[in-house]
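A.B. asks: Here's a structure for you.
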């Protein structure tokens, strides 16, 4: 009797997991697709794919989920969207995890194209238009802290060595910043929608953000597909006092990522839970000047951009669009490619290639159904097979995938009730053994990162190839390209399963080297069991990887032979590093948190920790020095945003934003004492605190905040720092402060908060 109950429990569990996961039996047995052609096949007369997936093994289904395909025309795309309507909104498999900013999406439409161009001329008497033009200026200034030389990343503040361009709340400030004694705000552009980041290229500025006013436009009222929109604008800033907008674009979707190489910005937007509506524009719209649809049409003569997709169960999907935009030539046509995928996580960009990654999963439901298909389905009667075939053939607009699966489960349940106790006990043992074996065989497939390589060259986009590795990527620094090889570090996350003897499988970490075709060249797997990657950095022929559970193992990995990566050494110390930055060829700086073991044998996170690691002796890396700021509760934007980390080896300078808490009366959690920038001298021997630049007016906690990039910041939170010659500039929504770099004496400050409020009578707002 117990066996009968156990077998019934598996059926109930599978049914329960099915309805929770949003997956369907249909997606495992049959995937309806339109006529398509593989990317590598240029023959437009290729035969349609076999619609039936019923004979494919789970391995074959997984391989098909990675293989990219290209729609041949508008009709193919339309047929696909009609055949794969969005399900209950739940993600494919067990969902997507990971730190992707754009996955945490606000509801409702957004816009930036409805900018009210409020340009304030703050030059004042005696400052002419000619004086506001760029001059030679200092050549010694800090660029944005980027991962790859020559590949710029968008940020909230930029400098060209003379002027500073900064975004605070809804305003873009153009500031004559050097010399600091005479620094003043030249102009301000006020946007009705919150700008997010900017690029600077000579006399041109790109700014983008969420379009929060698209609802108010006449063109939006004609759309029947409610979507978020992202604005992108280009300004001619030759005359700093009177910047002129020269391009005004709106992209249907949410901003995901971008890079600037030369004069080209590669801009990535994503539509989540994309709804197809008949007789509406099929692809995500791109609007020019709030009125013209320049992409996504399906009219006669309208050229369809390349649109790619994958053979995955599309219970939920989005369009990811990569658009190349020339900053300096407003009249040049944009170039774009579109990808239909479940989600995308991270992007790494070299000077020649864009690598887009997303994670695919197998749920235990998929695994169990694969076993059920092998064991149970062959035992069904011919009549039951006929019934299942008829159910599968019904159009989705009549029966959804969930409804079809419910009917098929009813057939399986009826078969189960027809078994004798002996037959059921035998089936139970067979199922349990097969599931454990299948889980063991397929364990590396449960969580895989898929990588897609897109070649770029002066605005052109060309899809190249794809590859996949076990595990999930932390962020862009977990990826790298060198000499044609792509290197990637991943964490295979901890899993719990009824199909393993222990009930769980610990996390572990991997490093893979793929060739130019993204085929495996070399690998290291199973590093630091039970831990996960907190930071990674590739430097020439080495990789440095920090994992953490209770101590901070720093792994030094040799990549000189791409086919044979190997661990050279490791260092275990308290704490962990969230970010690694090169100091020189043999040293690197770690920024993270200090930790201590608590009375329960666990770990308590303490203050902000800086470490200087010496890896010259690769077998024995060591921590030369460390510096801990504050106690529990202390934080720094630089822990999660590398662009807030300012380092110059030539100047022996290291600056990080910090909000510092200090514990009093033996309290483990500190009290607020400081918010601003902390300045260090750093050399071969370690860190020396030079001083702190306060933006909190003497340790006064702020009650005023803004949300930027999905994170809430107080107005006294320093978000960035930079230098021009011997002047250090620190930036918060409250102040731009200018201090002497040698002694940190205050030279001047601009009170941005006052300007944001419009309290300055000198503002001449132009609507």
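A.B. asks: Could you compute the FRET efficiency for residue 628 and residue 462, with r as their C-beta to C-beta distance and R0 at 41 Å, rounded to 0.05? Provide the component values of the computation, followed by the final result.
C.D. replies: Details: r = 49 Å, r/R0 = 1.18.
After rounding, the FRET efficiency stands at 0.25.
A.B. asks: Could you calculate the FRET efficiency of residue 225 with residue 455 from 1/(1 + (r/R0)^6), where r is the beta carbon distance between them and R0 is 45 Å, rounded to 0.05?
C.D. replies: Values: r = 32 Å, r/R0 = 0.71.
FRET efficiency, residue 225 to residue 455: 0.90.
A.B. asks: Using a basic spin-label model with each label point 7 Å from the Cα along Cα→Cβ, how many nm lie between residue 549 and residue 688?
C.D. replies: Output for this residue pair reads 4.1 nm.
A.B. asks: Still on this structure: Report the gain in length on full extension from residue 182 to residue 525: 0.36 nm times residue separation, minus Cα-Cα distance, nm rounded to one decimal.
C.D. replies: Numbers: separation 343, 0.36 × 343 = 123.48 nm, distance 5.71 nm.
117.8 nm is the gain from fully extending residue 182 to residue 525.
A.B. asks: Let me ask another. Can you pull the one-decimal nm distance between simple spin-label points at residue 169 and residue 437, each 7 Å off the Cα toward Cβ?
C.D. replies: Going by the 7 Å Cα→Cβ label model, 6.8 nm.
A.B. asks: Which order do peptides 445-453, 590-598 fall in by mean Cβ count within 10 Å, highest first?
C.D. replies: Numbers: 445-453: 22.7, 590-598: 19.6.
Ranked from most to least packed, the peptides come out as 445-453, 590-598.
A.B. asks: Further question on the same structure: Given a Förster radius of 25 Å and the C-beta distance between residue 496 and residue 352 as r, what FRET efficiency does 1/(1 + (r/R0)^6) yield to the nearest 0.05? Working shown, then result.
C.D. replies: Details: r = 42 Å, r/R0 = 1.66.
Working from the Cβ atoms, E equals 0.05.
A.B. asks: In addition: Could you give the distance between the Cα centres of the stretch 609-647 and the stretch 415-452, to the whole Å?
C.D. replies: Between the Cα centre of the stretch 609-647 and that of the stretch 415-452, the gap is 46 Å.
A.B. asks: Just order 471-483, 673-685, 729-741 by mean Cβ neighbour count inside 10 Å, highest at the front, would you?
C.D. replies: On the way: 471-483: 21.7, 673-685: 19.5, 729-741: 23.8.
Highest-to-lowest ranking by the protection proxy: 729-741, 471-483, 673-685.
A.B. asks: Turning to a different aspect of this structure: How far apart, in nanometres, would the label points at residue 567 and residue 650 be if each is projected 7 angstrom from Cα along the Cα-to-Cβ direction?
C.D. replies: Inter-label distance under the simple model: 3.9 nm.
A.B. asks: In whole Å, what is the distance between the alpha-carbon centres of the stretch 507-574 and the stretch 157-197?
C.D. replies: That distance is 41 Å.
A.B. asks: Using packing as a proxy for protection, rank 636-642, 177-183 so that the peptide with the highest average count of other Cβ atoms within 10 Å comes first. Working shown, then result.
C.D. replies: On the way: 636-642: 21.4, 177-183: 17.9.
Descending packing order for the listed peptides: 636-642, 177-183.
A.B. asks: What is the extension gain from residue 744 to residue 620, computed as 0.36 nm multiplied by their sequence separation minus the C-alpha to C-alpha distance, in nm to one decimal? Present the calculation step by step, with values, prior to reporting the outcome.
C.D. replies: Numbers: separation 124, 0.36 × 124 = 44.64 nm, distance 3.74 nm.
Going from the current span to full extension adds 40.9 nm.
Read-outs throughout are calculated quantities, based only on the coordinates presented, and are distinct from any laboratory measurement. A quick note: this is a predicted structure, and the numbers were derived from the prediction, not measured. Cβ coordinates were reconstructed from backbone atoms using ideal geometry, including for glycine residues, and neighbour counts include every protein chain displayed.
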